[in-house]
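The structure under discussion appears below in the form of structure tokens.
Bear in mind that the values in this text are calculations on the coordinates, not laboratory data. Here the structure is a predicted model, which means the values were calculated and not measured. Heads up, the Cβs are rebuilt from the backbone with ideal geometry, glycines too, and the neighbour counts pull from every protein chain shown.
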Amino acid sequence: MASALDRLTPARVTHRAMVESDVGAISDLENLSYMFPWGAGIFRDCLRVGYTCRIVESPDGLGGYGIMSMGAGEAHILNICVRADLRGQNVGRRLMTWLLDEARRAGQSWVFLEVRPSNRPALLLYESLGFAQVGLRRGYYQAVGGREDAIVYRLDLDAWAAARERAANGVRPAR
């Protein structure tokens, strides 16, 4: 049975593990998406050290990617990107859900990430998933004309899973 999320997401979008031969296409998407992109070597290093690296595939090619490190009971979302024409179609939500499910299966308790305060769509996505702000890193990101802060978000994976279970059973949160 399809979930509500699956009905809102293009059915032809799938995910799989990233492999070395994906790095060229990933670098191209990274360069199109970010003013200060990661280089191909960073993606290769993430694969080499065994980070969780996922690819979103659509019928017309690479639709996005996500990279997450894990250890000591914590996961850290390092990079997530969705191709421009797929944004606003719940592809980013689906990618995040795959990553969060993987962290939970691996026994992690918390997930952390940093996000630019200027990235309003990402802020809304993360907050809708249950992430809460726990800090601020001053001057974390390179930006035009200087540096931009990063908001540090944290998610309790047990609370997230319980909220998903309640939603799947039609239980609405109390207000």
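Summary of computed values
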item: Chain lengthening between Ser118 and Leu136 when straightened (0.36 nm per residue, less Cα-Cα); result: 5.1 nm
item: Pairwise FRET efficiency - Asp28 versus Val49, Cβ, R0 = 30 Å, nearest 0.05; result: 0.85
item: Descending principal axes extents, region 82-131, alpha-carbon based, whole Å; result: 33, 22, 15
item: Distance in nm between pseudo-label sites at Ala168 and Arg105 (7 Å out along the Cβ direction from Cα); result: 1.3 nm
item: Neighbour net charge for Leu136 - beta-carbon separation under 13 angstrom, K R +1, D E -1; result: +2
item: Contour excess over end-to-end distance, with Cα ends at Arg87 and Val19 and 0.36 nm allotted per residue; result: 22.1 nm
